[in-house]
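These notes concern the structure reproduced below.
None of the figures in this text is laboratory data; all of them are computed from the coordinates on show. Bear in mind that the values here come from a model prediction, so they are computed numbers and not experimental data. Positions of Cβ are backbone-derived with ideal geometry, glycine not excepted, and every protein chain shown enters the neighbour counts.
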Amino acid sequence: MGRNDALRAARLRRGWRSLEAAAGALTEHGQQLLDDRQFTVSARTWRRWEGERPGWPAEETAVVLHDALGRWPEDLGFTTPPGWIRPEHHEEEQVNRRAFTSVTAAALVAGPMAPQHVDPALVDYFQQQSATAREPDQAVEIARNVATIAIETRSARMYRELATLEREMRPWHDAPVGRDLAEILAPVTEGN
């Protein structure tokens, strides 16, 4: 029978010598972290996690495991489900969206003065987001805002960044997201 050695090693590093000790400690940690007296992990559940088919913990349990052991479930030998995105990435994305929205609003309010005051932060953000182009829907939403700013400010840097994004998005040019991007960029390419 195979074992989930990564979780076992993390448990032993914490000094939890038995499955019962680990389950009890994680239960206590989770109740405090989540402020939820109902949160429990049984020794039986921990035994399954350390077995050859550990499955995947509930999202709140994943957060508790990360907080207690300093590693996310996929780094602890759990079987990662399709579509799993670490909670820290959700938070990072929300922070990035808030920052982008603020910068966009500042650029639109600033009008012709925007290139001196807004371009560097916005371009850095845009470069960071478009560097991977793995999330075409998000890239199109960013392009929609950047295209508006590029037209308003006539920023050469913005035009260059949009041209770079257009090249990176070529694999999706026949998909609906690619057609959306072409529609968004039409006024920019016409005016440039």
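Here are the numbers for the structure shown:
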quantity	calculated
In the range 2-48, trypsin sites (Lys or Arg not before Pro) in a DSSP loop with at most 10 other beta-carbon atoms within 10 Å	R17, R37
At most 16 other Cβ within 10 Å, DSSP loop - GluC sites (Glu not before Pro), the range 1-84	E52
